[in-house]
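Okay, structure first, notes after.
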Ligand SMILES: *Cc1c(COP(=O)(O)O)cnc(C)c1O
C-alpha cells in the first residue's frame with residue numbers, strides 16, 4: 001500500500017461542497033478585501049483559541065513580524081528564538097527589523113530550552129519567540145517566568161499548533177500575542193497564504209490592526225508606518241468552512257499519533273515527548289532514529305512517504321551563518337537535524353494506511 005506523506009486533495013474533497021458555496025458567496029458579494037468574511041473568521045478563530053482578539057494577516061511570517069512590532073519590538077532589538085525551527089520564524093523577526101538570537105532545543109521536548117535563555121539574553125533583548133514545534137507547546141511557565149522577571153515580551157510562534165494546549169489553555173492565549181499560519185499544509189490551511197495574530201490585549205490588537213494596513217486609523221490617515229498584510233475575503237471564507245471541522249480533525253490527528261506511539265513504544269525510535277501539562281496538536285509526528293537515510297530509503301521502498309523537518313538548522317543556511325553561536329551552544333539542534341524524520345500524519349489517513357505505516361516501520365526497524 002502506498003501512503004503519501006501528505007495528500008491535501010482528500011481534505012478538499014471532504015469539504016468541497018461547502019468550499020464551493022463559500023467561494024460563490026464571495027464572488028457574488030463583489031467585495032474581496034477587508035469585509036464581512038474576514039470579520040466573521042476573526043471572531044470565530046479568536047473564540048476557537050479562547051482569546052479576545054484575532055487579526056487576520058497575509059501569512060504566518062507576517063503574523064510574526066506584526067505581532068513582534070505590536071508588542072513593542074523595535075529595529076535593533078534582539079529576540080530569542082529556538083535554533084530548532086524553520087527559517088520563517090527567523091525571517092519574521094528580521095522583517096520586524098529585529099535581530100534573532102538562537103537558543104538551543106531542550107533534548108527531551110525539542111522545543112526551546114528555557115534553561116538556556118539565560119546565556120542568550122543581553123541588554124538589547126526585547127522579546128522571546130518560543131515555537132510550539134510540530135504542535136507541542138513550548139515550556140511556557142518557565143519562559144514566561146524568565147521573561148516577566150526581565151520585562152521581556154513573549155510572542156508564541158503557533159504556526160504549527162492550532163488547538164494545542166498548555167495547562168488546559170489553547171495556544172494563542174499563552175503569552176502577549178501569538179502568530180498563526182494558515183499555509184495550506186498547516187492544521188488549519190487556506191488555499192494559498194494567510195495568517196493571524198491572536199492576543200488578549202486590546203492595545204496589542206489595535207497596534208497589529210494598524211500595522212497590517214499602512215498604519216491607517218482612518219482612510220488616508222496613517223498614524224504609524226505600517227505595511228500591507230491582508231487576509232482576503234476568499235481565504236477568510238475558506239478558512240471559516242475548514243475551522244468548523246478543526247476540532248474533529250485535531251482529534252483524529254491525536255488518535256493516529258496515539259496509535260503510532262503505542263506501536264513504537266518498545267522500539268529504539270525516539271518518540272515525541274508528552275509532558276502532562278501540554279496537549280500536542282500533532283501537526284507533524286516526528287521520531288528520532290540513527291541510520292536515518294537507510295530508515296527513510298526502506299520506508300520509501302515500502303511505499304511510505306517521509307520528510308525531514310528540518311534537515312538544516314537555521315544557522316547552517318547560507319543566509320543565516322551570522323546567527324551561529326559559540327561552538328557547542330546549539331548542539332542539540334544540530335544533532336536533531338541529522339536524526340529526526342517525520343512520518344505521515346493527517347486526519348484523512350485511513351485506518352488501513354495507519355496500520356501500513358506502523359507495520360512498515362516495525363519491519364524496517366528489525367532490518368536496520
Ligand atoms: C509555517 C511556519 C511559519 C510561517 O508561516 P507562513 O504562513 O508560511 O509564512 C512560521 N513558523 C513556523 C514554525 C511555521 O511552521
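The values are calculated or read from the model by the stated rules, or taken from the named source; none is laboratory data. Note that the coordinates shown come from a computational prediction; the quantities given were computed from them, not determined experimentally. Glycine gets a Cβ as well: all are built from the backbone with ideal geometry, and neighbour counts include every protein chain shown.
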Query raised in the report: Pairs, please: C-beta under 8 Å, at least 6 apart or cross-chain, first residue over 19 Å from residue 61 (Cα atoms) and in the range 197-221, second assigned to a strand (DSSP E or B)?
Result: 200/53; 201/53; 201/177; 202/53; 216/222
Query raised in the report: Across the range 204-228, what is the total count of residues that are part of a helix (DSSP H, G or I) and in contact with a strand residue (DSSP E or B) (Cβ under 6 Å, 6 or more places away or on another chain)?
Result: 4
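Those residues that are surrounded by 11 or more Cβ atoms within 10 Å (Cβ to Cβ) and out of contact with any helix residue (DSSP H, G or I) (no Cβ under 8 Å at 6 or more places or on another chain), I need them from the range 217-227; list them, please. Give the steps one after another, and end with the answer.
Step one: filter the range 217-227 for residues surrounded by 11 or more Cβ atoms within 10 Å (Cβ to Cβ), giving 217, 222-224, 226-227.
If the condition is that a residue be surrounded by 11 or more Cβ atoms within 10 Å (Cβ to Cβ) and out of contact with any helix residue (DSSP H, G or I) (no Cβ under 8 Å at 6 or more places or on another chain), then 222 is the only one that fits.
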Query raised in the report: So which of 119, 62, 77 is touching a residue at least 60 places away in the same chain (Cβ under 8 Å) and surrounded by fewer than 24 Cβ atoms within 10 Å (Cβ to Cβ)?
Result: 119
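Out of 304, 332, which single residue is in contact with a helix residue (DSSP H, G or I) (Cβ under 6 Å, 6 or more places away or on another chain) and buried (at least 17 other Cβ atoms within 10 Å of the Cβ)? So that I can check it myself, show each step before the final result.
Details: 332 fails: in contact with a helix residue (DSSP H, G or I) (Cβ under 6 Å, 6 or more places away or on another chain).
Among 304, 332, only 304 is in contact with a helix residue (DSSP H, G or I) (Cβ under 6 Å, 6 or more places away or on another chain) and buried (at least 17 other Cβ atoms within 10 Å of the Cβ).
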Query - Those residues of the range 278-301 which are part of a loop (DSSP other than H, G, I, E, B) and touching a helix residue (DSSP H, G or I) at 6+ places or on another chain (Cβ under 8 Å), in sequence order - result: 280, 281, 282, 283, 284, 289, 290
Query - Failed condition for residue 271, given (1) touching a residue at least 24 places away in the same chain (Cβ under 8 Å); (2) in contact with a helix residue (DSSP H, G or I) (Cβ under 9 Å, 6 or more places away or on another chain) - result: (1)
Query - Search result, residues across the range 306-359 that are farther than 26 Å from residue 101 by Cα, out of contact with any strand residue (DSSP E or B) (no Cβ under 8 Å at 6 or more places or on another chain) and outside any helix (DSSP H, G or I) - result: 346, 347, 348, 350
Report task. Of the conditions (1) at pLDDT below 95; (2) out of contact with any strand residue (DSSP E or B) (no Cβ under 8 Å at 6 or more places or on another chain); (3) closer than 21 Å to residue 159 by Cβ, residue 272 clears all except one; give me its number. Result -> (2)
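Consider the range 335-359. How many of its residues are over 17 Å from residue 286 (Cβ atoms) and in contact with a helix residue (DSSP H, G or I) (Cβ under 8 Å, 6 or more places away or on another chain)? If you could, list the steps in order and put the result at the bottom.
Initially, the range 335-359 is screened for residues over 17 Å from residue 286 (Cβ atoms), giving 347-348, 350-353, 355-356, 359.
Filter once more, keeping what is in contact with a helix residue (DSSP H, G or I) (Cβ under 8 Å, 6 or more places away or on another chain): 347-348.
Qualifying residue count, the range 335-359: 2.
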Query raised in the report: Given the conditions (1) within 14 Å of residue 66 (Cα to Cα); (2) away from the ligand (no atom under 14 Å from the Cβ), which single one is not true for residue 231?
Result: (2)
Query raised in the report: When the range 89-108 is examined, which residues are found to be more than 16 Å from residue 337 (Cβ to Cβ) and either within 16 Å of the ligand (Cβ to nearest atom) or within 15 Å of the chain's Cα centre (by Cα) (or both)?
Result: 91, 92, 93, 94, 95, 96, 98, 100
Query - Qualifying residues in the range 151-203 (those that are crowded, with 21+ Cβ neighbours inside 10 Å, more than 13 Å from the chain's Cα centre (by Cα) and not in a strand (DSSP E or B)) - the one nearest to the ligand (Cβ to nearest atom) - result: 190
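Looking for something crowded, with 17+ Cβ neighbours inside 10 Å and in a loop (DSSP other than H, G, I, E, B) - is there at least one such residue anywhere in the range 233-244? Walk me through how you get there before you give the answer.
Initial filter on the range 233-244 (crowded, with 17+ Cβ neighbours inside 10 Å): 233-243.
Applying the additional criterion that residues be in a loop (DSSP other than H, G, I, E, B) yields none.
The answer is no; no qualifying residue exists.
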**Report entry** Members of the range 35-73 found to be out of contact with any helix residue (DSSP H, G or I) (no Cβ under 7 Å at 6 or more places or on another chain), more than 16 Å from the ligand (Cβ to nearest atom) and either in a helix (DSSP H, G or I) or modelled with pLDDT under 95 (or both), listed by number
**Finding:** 36, 39, 42, 43, 46, 47, 49
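Looking at the structure I just gave you, is residue 145 without any contact (Cβ under 8 Å) to a residue 40 or more places away in the chain, surrounded by fewer than 24 Cβ atoms within 10 Å (Cβ to Cβ), under 15 Å from residue 176 (Cβ atoms) and more than 12 Å from the ligand (Cβ to nearest atom)? It would help to see each step written out before you state the result.
Details: without any contact (Cβ under 8 Å) to a residue 40 or more places away in the chain: yes; surrounded by fewer than 24 Cβ atoms within 10 Å (Cβ to Cβ): yes; under 15 Å from residue 176 (Cβ atoms): yes; more than 12 Å from the ligand (Cβ to nearest atom): yes.
Taking the combined requirement at face value, the residue satisfies it.
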